[in-house]
Amino acid sequence: MGDISRWQYKQKLITPEQAAQFVKSGDNVWYSEFAMFPVALDAALAERVDELNNVNIRTVSFTQIPKVAQVDPNREHFILEDWHFSKISRMLHDKKLCNYIPITYHQGPRITKKYLENDVVFIKVAPMDAKGFFNLGTSNSVTPACIVKGKKIIVEVNQSVPTCLGGNSENIHINQVDHIVEGNNEPLFQLPAIPPNELDYKIADFVMDEIEDGSCLQLGIGGLPNVIGAKIADSDLKDLGIHTEMLVDSCVDMYNAGRITGRKKTIDTHKMAYTFAMGTDKLYAFLDNNPMCASYPVSYTNDPRIIGMNAKVIAINNALEVDLFSQVCSESVGTRHISGTGGQLDFIFGAFASRGGKGLICLASTYTDKEGNLQSRIKPTITPGSIVTVPRSITHYVVTEYGIVQLKGKSTWQRADALISIAHPDFRDDLIKSAEEMNIWTRTNKID
């Protein structure tokens, strides 16, 4: 690093405990997102629990239980809020310790700039480079907008953070930083592999039929995306591209198998464009100083207008249930919060705008409830209290282990007919009866 940057670094270097002193009661505090959780700063802030009240702490997806929640089990001092629920956030929410902020993900930076203030910003970063820049690592997302609206910017340096190239807004210069904390260099969060089941393989086969040479992929988290990634790696598909919200381990596997070139992309040609990455050290090592990968704010990656600029976009997303009106719920089971909207609506909308694009909602046709009873995920109507993630006017394709149906341009009875055809056979008669009672299906319109 240059002499001026080295001098600035020494001048701005403080302890985590000193950094925590900048937080006052009533402040809004931003924590960096996903795998970039600011461990040292969170622990130091938790030590001040008895001194503070009504401190609002926000992030996108907690990946570990914050110390501020552990020391405040009755939520008397710290208020946690999450823009996209993780397993941790869901557990905290069940204990009344965390709330969800409804958001269409690509609008996050604009919402921040228009309506929100951050009194203190705590962000984990890679070590400063020779030009005085700290890299934001695996989470670009909403963080650059939070920095712009931050009154006090404090970075936590961690040697384990890969340098993730842009794109844009992937760095913050030391001139923008108020204080620097050196963390404990703990490894980044390791996303455990979700083992696929038999139905994932059946659904993946239908999805694979929709992917062509030159397709541009959006994959998410879960057993199904992992199966699809593995099938693509073992296929003879050529010149696939990546334009996604989340970069995952399977993207590395597909690239190493020679399936990903990005050569046919219209924008970010030869690049894997993403807004955050989360996986294992395999992914983080792949990202480090890799010019194949391009980190962007979510206002770019998830903007439906940007998504639609690439041809043959294949957006693959999971859901909890779909009703006969073709409304998709991916966020809650009744009133119990499970996940957030995330980029699902962004990519289903954007894929339709893409030439040859397809937005896929994938789900197993059934689940087993707490009493051990088999239940259909294709329902007459969305479960009362559940949240509609994709409205029926936006829903494009729905896939189960029994097939795939395209719903655009279809009437209500045609949609119900199509969805019943991919429901579990044990539930089809009851679904037909419900559709008749709701006046959206009649026996003159029979399934082939």
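Computed quantities for the displayed model
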{"read-out": "Residue ID - farthest from the chain's Cα centre (by Cα), chosen from residues in region 269-308 that are assigned to a loop (DSSP other than H, G, I, E, B) and among the acidic types (Asp, Glu)", "value": "ASP288"}
{"read-out": "Cβ-Cβ under 9 Å pairs, at least 6 apart or on other chains, region 111-138 side in contact (Cβ under 8 Å) with a residue 12 or more places away in the chain and over 21 Å from PHE34 (Cβ atoms), far side part of a helix (DSSP H, G or I) and β-branched (Val, Ile, Thr)", "value": "MET128/ILE174; GLY132/ILE4; GLY132/ILE174"}
{"read-out": "Helices (runs of 4 or more DSSP H) contained in region 1-104 and holding at least 3 residues among the polar types (S, T, N, Q)", "value": "3-12"}
{"read-out": "Filter result for ILE387 (part of a loop (DSSP other than H, G, I, E, B), touching a helix residue (DSSP H, G or I) at 6+ places or on another chain (Cβ under 6 Å), over 24 Å from LYS433 (Cα atoms) and among the aliphatic types (A, V, I, L, M))", "value": "no"}
{"read-out": "Checklist (1) over 20 Å from the mean Cα position of the chain (by Cα); (2) crowded, with 17+ Cβ neighbours inside 10 Å; (3) over 18 Å from ILE203 (Cβ atoms); (4) acidic (Asp, Glu) applied to ASP346, failing item", "value": "(1)"}
{"read-out": "Qualifying position, being within 28 Å of VAL161 (Cβ to Cβ), of a type outside the set (Gly, Ala, Ser) and in contact with a Cys (Cβ under 9 Å, 6 or more places away or on another chain), among PHE347, PHE286", "value": "PHE286"}
{"read-out": "Residue count, region 389-434 (criterion: within 30 Å of the chain's Cα centre (by Cα) and among the aromatic types (Phe, Trp, Tyr))", "value": "2"}
{"read-out": "Check on SER139, outside the structural domain of GLY357 (by TED's automatic domain parsing), surrounded by 24 or more Cβ atoms within 10 Å (Cβ to Cβ) and within 23 Å of the chain's Cα centre (by Cα)", "value": "yes"}
{"read-out": "Some residue of region 81-92 being surrounded by fewer than 17 Cβ atoms within 10 Å (Cβ to Cβ), within 17 Å of VAL142 (Cα to Cα) and hydrophobic (A, V, I, L, M, F, W, C)", "value": "no"}
{"read-out": "Members of region 309-344 found to be more than 21 Å from LYS358 (Cα to Cα), among the polar types (S, T, N, Q) and either in a strand (DSSP E or B) or not assigned by TED's automatic domain parsing to the domain that holds ILE382 (or both), listed by number", "value": "SER332"}
{"read-out": "Members of region 187-227 that are over 23 Å from the mean Cα position of the chain (by Cα), assigned to a loop (DSSP other than H, G, I, E, B) and more than 21 Å from PRO304 (Cβ to Cβ)", "value": "ASP209, GLU212, ASP213"}
{"read-out": "Failed item, numbered, when ASP239 is tested on (1) surrounded by fewer than 19 Cβ atoms within 10 Å (Cβ to Cβ); (2) closer than 27 Å to MET36 by Cα; (3) without any contact (Cβ under 8 Å) to a residue 60 or more places away in the chain", "value": "(2)"}
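The values are calculated or read from the model by the stated rules, or taken from the named source; none is laboratory data. Not measured: the values here are computed from a predicted model. Here the Cβ is made from the backbone with ideal geometry for all residues, glycine too, and neighbour counts use every protein chain on show.
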